[in-house]
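**Q** So that we are looking at the same thing, I have put the structure below in structure tokens.
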Amino acid sequence: MQIKYSGDKPIISQHGITFNTTKEDKYIYLKSAIHILHIIDMKHNYEFDNNIPDDKISKMIREYQTDIEQDIEKEELRYERKLRDEIKNVKESNLTELDKNIWIKNLKLMQGYRIQRAINKLYYEHVIAIIVNLINKNQITNMILPFNKSYFHLVESIKNALDTNKNHIKSNIEIINKNNELALKFTIN
């Protein structure tokens, strides 16, 4: 079970396989999430390197949650059951045998791909939870982050997690001008 790029969400049927480009692989946000961890964790006072190899990403996350791989293994097994149930549902459908066989072959063909996407998403969800815990623990009240798609997506996920947290912590995202460059200002109340 490793972190590596998979790709956009596949749409699988008896007619073939296409990809939903609006449903990106959560892998693309993991390096930026590590950067946020380094910003809010006081023990990381060194400059962030964006060229983190995939195997080091999981190692850096384990620093915050030592049992993350056991959690992800359990969640991966649940996802594999879901994939088996999909095949079972296709077998029980009213399609022709040819259509059923094609759909099942397409599902099996994309199984590894989909499992990798699920693993990446699970790591992403765990990192968001770790960031929220650190925000609470370190009483972080604001962050200034680069203005780009990755950080904006992450800040929105963190904002949603804080809002649905048992304490319903409100936060705000602003686009500001910092040294003549756009930046994200994330304020936590």
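The values are calculated or read from the model by the stated rules, or taken from the named source; none is laboratory data. Computed from a predicted structure; not experimentally measured. Neighbour counts run over all protein chains shown; Cβ positions are idealised from the backbone, glycine included.
**Q** Restricting to the range 167-184, give me the number of residues that are among the acidic types (Asp, Glu) and within 23 Å of the chain's Cα centre (by Cα).
**A** Qualifying residue count for the region: 1.
**Q** Can you work out which of the residues in the range 15-40 that are assigned to a loop (DSSP other than H, G, I, E, B) and of a type in the set (S, T, N, Q) is surrounded by the most Cβ atoms within 10 Å (Cβ to Cβ)?
**A** Checked the range 15-40; the qualifying residue surrounded by the most Cβ atoms within 10 Å (Cβ to Cβ) is Thr21.
**Q** In addition: Go through the residues of the range 125-133 one by one and say whether even a single one is within 28 Å of Glu75 (Cα to Cα) and either part of a loop (DSSP other than H, G, I, E, B) or of a type in the set (Ser, Thr, Tyr) (or both).
**A** No, the range 125-133 has no match at all.
**Q** Which condition does Asp67 not pass, out of (1) within 17 Å of Ile12 (Cα to Cα); (2) loosely packed, with under 14 Cβ neighbours inside 10 Å, if it passes all the others?
**A** Asp67 satisfies all of (1) within 17 Å of Ile12 (Cα to Cα); (2) loosely packed, with under 14 Cβ neighbours inside 10 Å except (1).
**Q** Looking for something within 23 Å of Ile28 (Cα to Cα), in contact (Cβ under 8 Å) with a residue 40 or more places away in the chain and among the hydroxyl-bearing types (Ser, Thr, Tyr) - is there at least one such residue anywhere in the range 178-188?
**A** no
**Q** A further question follows. Out of Ile11, Ile17, Ile3, report the one residue that is closer than 16 Å to Lys121 by Cα and modelled with pLDDT of 90 or more.
**A** Exactly one residue qualifies, and that residue is Ile3.
**Q** Ile12 fails exactly one of the following numbered conditions: (1) over 17 Å from the mean Cα position of the chain (by Cα); (2) surrounded by fewer than 16 Cβ atoms within 10 Å (Cβ to Cβ). What is the number of that condition?
**A** Failed condition: (2).
**Q** Still on this structure: Could you say which residue among Glu86, Glu80, Glu73, Glu69 is modelled with pLDDT under 95 and under 24 Å from Asn20 (Cβ atoms)?
**A** Glu80
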